[in-house]
Amino acid sequence: MSSIRTYSGEIYLCKTCGQPCFEGEEAGLEHFTEQWDGIFCPWFPLAGGRLEVEWDTASLDDLKADYPDTYPHLTEAAAG
Ligand SMILES: [Zn+2]
């Protein structure tokens, strides 16, 4: 999976859940790591079809920076 914070490719919205997703290199359309526990998509970690969005650059930067991160960062917590 990829982080929405650092992903530099095209970002779409998932037709099923309306949350951001991207075209992965191997599995096809995927959701982002940050969405782990935060979205209720029946396709997760894949995404159910894409809606293309003409993002305003500033809006997209805000989305990436402010998107809630619900991934359980267990390794970071364990490392202290
Ligand atoms: Zn979805």
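The values are calculated or read from the model by the stated rules, or taken from the named source; none is laboratory data. Here the structure is a predicted model, which is why all the values come from computation and not from measurement. Positions of Cβ are backbone-derived with ideal geometry, glycine not excepted, and every protein chain shown enters the neighbour counts.
Structure summary
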read-out	value
Condition met for Glu54 (in a loop (DSSP other than H, G, I, E, B), modelled with pLDDT under 95 and away from the ligand (no atom under 16 Å from the Cβ))	no
Residue under evaluation Lys64, criteria (1) surrounded by 11 or more Cβ atoms within 10 Å (Cβ to Cβ); (2) within 16 Å of the ligand (Cβ to nearest atom), criterion not met	(2)
Breaking point among (1) modelled with pLDDT of 95 or more; (2) in contact with a helix residue (DSSP H, G or I) (Cβ under 7 Å, 6 or more places away or on another chain), for Glu23	(2)
Pairs, first within 20 Å of Gly9 (Cα to Cα) in region 22-46, second among the polar types (S, T, N, Q) and within 11 Å of the ligand (Cβ to nearest atom), C-beta under 8 Å, six or more apart	His31/Gln19; Gln35/Gln19; Phe44/Gln35
